[in-house]
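Worksheet for the structure shown next.
Nothing in this text is a laboratory measurement; each read-out follows from the coordinates by a stated rule. It should be emphasised that the depicted structure is a prediction, and the values quoted were computed from it without experimental measurement. Heads up, the Cβs are rebuilt from the backbone with ideal geometry, glycines too, and the neighbour counts pull from every protein chain shown.
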Amino acid sequence: MPVEFISPYITNLLIFIGIYIILVVSLNLTLGYTGMLNLGHVALFAIGAYTSALLMTRLDFPFVIAFLAAGIFAGFFGYVLVLATKKLKGDYFALATLGFAFIVVNLLLNLQGLTHGPLGIPGIPKPSLFGLTIQSNFSYLIFVAIVAFVSVFIIYKIVKSPFGRILEATRDDEIGLRVLGKNTVKLKYKAMIISGFFAGIAGSLFAHYLSFIDPSSFHLSEIILVLTIVIVGGLASIKGSILASFVILLIPEVLRFLALPSSIIGPGRQIIYALILITILMYKPRGLFGRVDLE
Amino acid sequence: MMLKIKQVTKNFGGVRALDKCSLEIEKEKIIAIIGPNGSGKSTLFNVISNLIKKDSGRIYLDKEDITEKEDFNIAKLGISRTFQEVRLFRNLTIKDHLEIALLESDEKLIRSLFGKREDNEKRIKDILNLVGFDKPLDTHATELSYGQRKLLDLAIAIAKPHKILMLDEPVAGVNPKLRKGIKEILRKLRKKGDTILIIEHDMNFVMDLADYVFVLDYGKVIAHGTPRKIQNNKKVLEAYLGE
Ligand SMILES: Nc1ncnc2c1ncn2[C@@H]1O[C@H](COP(=O)(O)OP(=O)(O)OP(=O)(O)O)[C@@H](O)[C@H]1O
Ligand SMILES: [Mg+2]
């Protein structure tokens, strides 16, 4: 039995890392490749998590449908976010997307009829695929690993394609690209829809793993965490995002072994992330594998 | 007529950058726009590509009214241009730049992922040969010298499918040898049937190059004609002397 080779503790960690890899690589598509200062990514992750959870708990949808709907719905909200902010550039766009993230969390807290507010949604079933239910954490890990692999592969193919090249050109000089006849606004829509789709399915994986979600998982600290991972790994580097997901999520685990009380572990994590972010920004602003130079 | 600019006016606050400016650009010719600093030359280009909204006037490209079209659509319809300050994509290579300019299908995601890759190798080589650019294709834009950047910028504009090429001071700040080289490139392009609209500050550069010259001063066309006629025009001499 393979289960014996991996302890439950490690399995649990690897599942989270797998989910974060999807979340972070998809954020890099907008933030790093397209140069959109997108701070609303975690909100799309939340939308995916809630969509999938509600479709299964309330409407008894099959997992596959709930999973895909999570992606599609989050992608749609990505589209709406760009539509609502299309006149805004740079810092203003960043602020607007951050505002969007706060609105989503507030809606999750206040639309109690739908979301149970702060009480969250319990009893989210484990996924079943083709009549097989994924029960053990080990099989969930395999499932997450497959989804993460496919997601990263698709995003990799996109960024290496001619389409990906003009996403990068949009980041480097939007006007310069428009006078070559490319509709950069439409490109940003597409980037955000794709990015949102993957954030959404990551949200679905998250919800069905924990079997319980509430708005507290999608707060500002979460936004800072995913941004830290992207920046540490490097803008426009998929390899960097993957590696940094491991590094950043594993580092705070040392706190566990120091037998500290949990009241210290929580803030301790935040402090560690902040220190890592500051160190990287000071000494290696491009991150571990970043090759992109922003103006 | 390839390009027709009719009564275009543009004010920046109190500054009248273009004042009922009208120009007609014939096919397969090199047309120069000259004029002192701040006379509105670059503004005219920006208004044609609709990067800057004009206050009034109309613009026609090959008989089509492009006045209200969006900037990227104007580019798609056949205007290829450079800027006075070279604009390159700082993290992309020379090959990337030229492929972006050449490809018209890269905005389509599905086609971009599953379609057959067009082989542009030969066209890229031809264009780089034409402009005499010999850096390796994987060189990044930021590794180039000023002169090389100017040349790459020109190569991109040539590569982009177009009906008219609009160049904003392509030889500004360039060494004399390269100036001559660029002049030759433009002559070759004209021979191949290109229509070129070139902004140049220095009157002497365009005298033996342009077929026709428009002179701007305070946003107005103060004279136009063959270079020979322009050279002796009193208003033109005054505008340049008064600079
Ligand atoms: N974006 C802008 N905002 C305000 N004023 C502007 C702007 N662009 C140009 N101007 C003004 O409009 C006038 C025309 O400028 P423009 O750049 O078109 O001149 P030019 O003929 O290209 O000059 P140069 O030979 O120096 O390049 C100038 O007075 C300039 O200061
Ligand atoms: Mg100018």
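Brief remarks follow.
- Taking other residues whose beta carbon is less than 13 angstrom from the beta carbon of A:Ala244, and scoring Lys, Arg as +1 and Asp, Glu as -1, yields +3.
- Inter-part distance where the stretch A:24-61 and the stretch B:1-20 are each reduced to a Cα centre, Å: 47 Å
- Amide hydrogen proximity for B:Ile198: with H placed 1.01 Å from N in the peptide plane, the residues at 5 or more positions away or on another chain lying under 5 Å are B:Ile31, B:Ala32, B:Ile33, B:Leu167.
- Highest-first packing order for the peptide set B:155-165, B:176-186 is B:155-165, B:176-186, based on the mean count of other beta carbon atoms within 10 Å.
- Residue ranges B:75-86, B:8-19, B:197-208 sort as B:75-86, B:197-208, B:8-19 when ordered by packing (mean number of other C-beta atoms within 10 Å per residue, highest first).
- Cα centroid separation, the stretch A:101-179 to the stretch B:100-165 (Å): 35 Å
- Counting beta carbons within 10 Å around each of A:Ser26, B:Ser42 and listing the fewest first gives the order B:Ser42, A:Ser26.
- Pairs of Cα atoms in chain A fall into 5 Å distance bins, from 0 up to the last occupied one, in shares of 1, 6, 12, 16, 19, 17, 14, 9, 5, 2, 1, 0, 0 percent.
- Overall form of chain B per C-alpha gyration tensor (a/c, 1.5; a/b vs b/c): prolate
- Relative to the longest principal axis of the Cα atoms of chain A, the long axis of helix A:90-110 makes an angle of roughly 30 degrees.
- Per-residue ³J(HN,Hα) for the stretch A:11-25, Karplus 6.51 cos²θ - 1.76 cosθ + 1.60, θ = phi - 60°, Hz, x for Gly and Pro: 4, 4, 4, 5, 4, 5, 4, x, 5, 5, 4, 4, 5, 6, 5
- Note, ³J(HN,Hα) from phi for the stretch A:199-206, Karplus 6.51, -1.76, 1.60, rounded to Hz, x at Gly and Pro: 4, x, 6, 4, x, 4, 4, 5
- Averaged over the residues of peptide A:96-107, the number of Cβ atoms from other protein chains lying within 10 Å of each residue's Cβ is 0.
- Close amide H contacts of B:Ile79 (hydrogens built in the peptide plane, cut-off under 5 Å, sequence separation of 5 or more or a different chain): B:Lys163.
- Annotation: amide H of B:Lys10 within the under-5 Å range of B:Ala17, B:Leu18, B:Asp19, B:Lys20, B:Asp55, sequence separation 5 or more or interchain, hydrogens built in the peptide plane.
- Tensor-based shape of the stretch B:87-161 (alpha-carbon gyration tensor, a/c under 1.5 rounded, otherwise prolate or oblate): prolate
- For peptide A:158-164, the mean count of partner chain Cβ atoms within 10 Å of a residue's Cβ comes to 6.
- Theoretical FRET efficiency, 1/(1+(r/R0)^6), r = Cβ-Cβ of A:Thr279 and B:Lys229, R0 60 Å, to 0.05: 0.35
- Per-residue average of Cβ from other chains inside 10 Å of A:165-172: 6
- Bridge type composition, the protein assembly as shown - antiparallel percent by DSSP, nearest 5: 60 percent
- Within a Gaussian network of chain A (alpha carbon springs, distance under 10 Å), most fluctuating of A:Thr170, A:Thr228, A:Thr11: A:Thr11
- On Cα atoms only, tilt of A:238-250 relative to the major axis of chain A in degrees: 40 degrees
- Neighbour-count ranking [beta-carbon atoms within 10 angstrom, fewest first] of B:Asp62, B:Asp96: B:Asp62, B:Asp96
- Too-long pairs where the Cα-Cα distance tops 26 Å, listed order kept, from B:Lys27/B:Lys177; B:Lys41/B:Lys150; B:Lys116/B:Lys183: B:Lys27/B:Lys177; B:Lys116/B:Lys183
- Between B:Arg111 and A:Leu132, the distance separating the two model label sites (each 7 Å from Cα on the Cα→Cβ line) works out to 4.1 nm.
- Taking θ as phi - 60° and the Karplus parameters 6.51, -1.76 and 1.60, the scalar couplings of the stretch A:147-154 work out to 4, 5, 4, 5, 4, 5, 4, 5 Hz in sequence order, x denoting glycine and proline.
- Burial ordering of B:Lys63, B:Lys229, fewest other beta-carbon atoms within 10 Å first: B:Lys63, B:Lys229
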